[in-house]
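One structure below.
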Amino acid sequence: MKKITINSAEITRLQKQYNGRLQLLGGLENKSFDPADDGSDRPELITSVNASRFNEAFLSEPLTAFAVGFKDNTNIEETLEFFAPACEVPRRFSYRTFSNPEEWLSELDDLRAMRGDFKTVEYTASEVEGKTQNRGLRVVVDLDEVADKQNWETKYTEKLIRRIRRNALRRSLALLVAAATNANKTWGNTSQPDADVRAALIAATNVSGIRPNRVGYGDTSYDYRVAAYESQENAGSTMALGRDENRLASYFGVEQVKVSRERYQSAAAAKSEIVSNKVVLFNALAGLDAEDASNIKRFTSPVEGGGPLRVYSRQISTKLWEIVVEHYELLKITSTLGIRTLTASQS
């Protein structure tokens, strides 16, 4: 009998070919999530990414292409871009933080004396070295559970992407709220919620010199606003009720107003609002760079090979399959100046 020798590269190629054929199997609803990877391969378990779990051999180019082009119909990506616009940077980079509104310093006397120099002024900002962090999630699927399901890999990839974006949105809100100057407001049949927001915008501008260009409501805070005006039967309240998000932005003199209705689940059946009863006023720019003076930045770096996301797919045992979505991100408050929140309650 002739002896046949197969080297390790050939074994890897055959394994990938076999795995690719198994990708024709289908998708499954998963219910459980464990934020830490404890080494378990239990089916239907989603965990944070552990780099030791995969390697370059299991990169799925089709799923990666799908992830890059994926548009979420729940609009959570749009909300994330509103509260924390992406700023693409290399893995290691430097950025500036601003703690003084020096751009608006002024003096009445800038006259140069004969044979003298012009008055010297100084602008200071701290330069910080940063590095984007490797983040992601993984899910383990039992192949018997998805044997009759179509496109199950893409469905799980969608689930992981949505959860990754929801996590980033929660982190963004937590940073903004922690850095903000807060005012508690009670809105009822004698209050003027829009006037409270306008006053907060003026107060923020007096601190930073830059008027906040974004106002974000939670589902609850916006409902309190509407209920307050509905309880008042006069021409002013009727006009206020006619202001949608675009009209409110024009009325406030800001770039954008957004009502966030996103929720997250922290227990078996409990759902919580991400923004809730807050109104968040801050400055952020789409297409920003690492040195502008906006309040918040979501630094992102391309994965190896380019693109914002990378997807791995592999069989990890006889009946278990793993899908991983990874990315690089660093969320930072780069200036606390002018961030305001209103915490609304209802009378």
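The values are calculated or read from the model by the stated rules, or taken from the named source; none is laboratory data. As the structure is a computational prediction, the values presented were derived from the model and not from experiment. As a convention, Cβ positions derive from the backbone with ideal geometry for all residues, glycine included, and neighbour counts pool all protein chains shown. These area figures cover heavy atoms from the full protein model, side chains too; ligands, DNA and RNA do not enter into them. Shrake-Rupley method; radii C 1.70, N 1.55, O 1.52, S 1.80 Å.
Working value for segment 229-347: equivalent-ellipsoid semi-axes of 39, 23, 13 Å, each the square root of 5 times a Cα gyration tensor eigenvalue, largest first. Using heavy atoms of the protein chains and a probe of 1.4 Å, the accessible area assigned to Glu129 is about 140 Å².
Qualifying GluC sites (Glu not before Pro) in segment 179-276, where qualification requires a DSSP coil assignment and no more than 13 other C-beta atoms within 10 Å, comprise Glu233.
Quick check for me: using +1 on Lys/Arg Cβ and -1 on Asp/Glu Cβ, what's the dipole size of segment 224-347 about its Cα centre, in debye to the nearest 20?
So the magnitude is around 340 debye.
Size of segment 127-243 from its Cα atoms: along the principal axes, largest to smallest, the extents are 63, 46, 20 Å. Annotation: amide H of Ile339 within the under-5 Å range of Thr181, sequence separation 5 or more or interchain, hydrogens built in the peptide plane.
The heavy atoms of Leu80 offer some 10 square angstrom of accessible surface to a 1.4 angstrom probe. Normalised size of segment 256-305, defined as Cα radius of gyration per 2.2 N^0.38 Å with N residues, equals 1.61. Database remark: amide H of Arg310 closer than 5 angstrom to the amide H of Glu326 (H placed geometrically; neighbours at sequence offset of 5 or more, or on other chains; Pro and chain starts carry no H).
Amide H contacts for Asn213 (H built 1.01 Å from N in the peptide plane; partners 5 or more residues away or on another chain; cut-off under 5 Å): Phe282, Asn283, Ala284. Across segment 200-282, C-alpha contacts under 8 Å between residues 6 or more apart give a mean separation that, scaled by the residue count, equals a relative contact order of 44 percent. Spacing of the modelled spin labels on Asn182 and Tyr251, each 7 Å from Cα toward Cβ, amounts to 2.6 nm.
The HN-Hα couplings worked out from phi for segment 341-347 by the Karplus form 6.51 cos²θ - 1.76 cosθ + 1.60 (θ = phi - 60°) are 10, 10, 9, 8, 10, 10, 9 Hz, whole numbers, x standing for Gly and Pro.
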